[in-house]
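The block underneath contains the structure these notes are about, expressed in structure tokens.
The values are calculated or read from the model by the stated rules, or taken from the named source; none is laboratory data. Predicted model, so just to flag it, every value in this text is computed and none were measured. Glycine also receives a Cβ, built like all others from the backbone with ideal geometry; neighbour counts cover every protein chain displayed.
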Amino acid sequence: MSQRKIKDEKAIKELRHLYKKYDNILSPDKVVSEARSIKSPLHKYFNWNDTEAANQYRLEQARRLLRFVVDIIPSNNKSVRIFYSLTKDRKGEETGYRTTVDILSDKSLYKELLKDAKTEMECFIEKYEHIKELKKVFAEMKKLL
């Protein structure tokens with residue numbers, strides 16, 4: 001279901017090995033450190049060109065900024081995201097974000113946002129379906145889906 005799943009058996013085996021090596025807690029800095037070796041099955045998952053990697057990191061910082069910036073609605077004092085990146089806006093080289101106001105004002109954009117929300121719900125269910133305390137929540141989510 002998720003486009004982000006990694007099923008590389010060698011990488012999984014290495015991550016499990018590192019988990020044990022570091023007393024059953026695995027930090028990203030340890031993974032990067034171990035992946036530096038070209039012989040590591042994790043090496044290929046990282047960009048080792050420092051200039052490119054620095055630019056990619058700044059792009060990720062910009063994405064984070066756009067994802068988490070909120071505005072307060074005065075009538076109920078609730079925070080609302082200002083920007084969303086719709087799936088259709090994440091294709092190819094040019095990706096972008098739209099304002100919540102623009103999305104809610106356009107039927108086709110709103111439909112796309114709803115579709116994205118449902119996809120995220122499916123991913124959430126897949127990620128946490130083994131937690132029995134959430135069974136009722138998942139049942140309601142599945143009704144909506």
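What to note about this one:
- Flag: Leu109 matches the condition of being assigned to a helix (DSSP H, G or I), under 18 Å from Thr87 (Cβ atoms) and not β-branched (Val, Ile, Thr).
- No other residue among Ser33, Ser40, Ser27 is polar (S, T, N, Q) and either within 29 Å of Phe124 (Cβ to Cβ) or modelled with pLDDT under 95 (or both) apart from Ser27.
- Residue match in the range 114-122 (condition: surrounded by 14 or more Cβ atoms within 10 Å (Cβ to Cβ) and touching a residue at least 60 places away in the same chain (Cβ under 8 Å)): yes
- Within the range 87-106, tally of residues that are in a loop (DSSP other than H, G, I, E, B) and either of a type outside the set (Ser, Thr, Tyr) or surrounded by fewer than 15 Cβ atoms within 10 Å (Cβ to Cβ) (or both): 8
- Residues being under 29 Å from Thr87 (Cβ atoms), assigned to a helix (DSSP H, G or I) and touching a helix residue (DSSP H, G or I) at 6+ places or on another chain (Cβ under 9 Å) - total across the range 13-71: 4
- Number of residues in the range 1-32 that are surrounded by 12 or more Cβ atoms within 10 Å (Cβ to Cβ) and among the small types (Gly, Ala, Ser): the value is 1.
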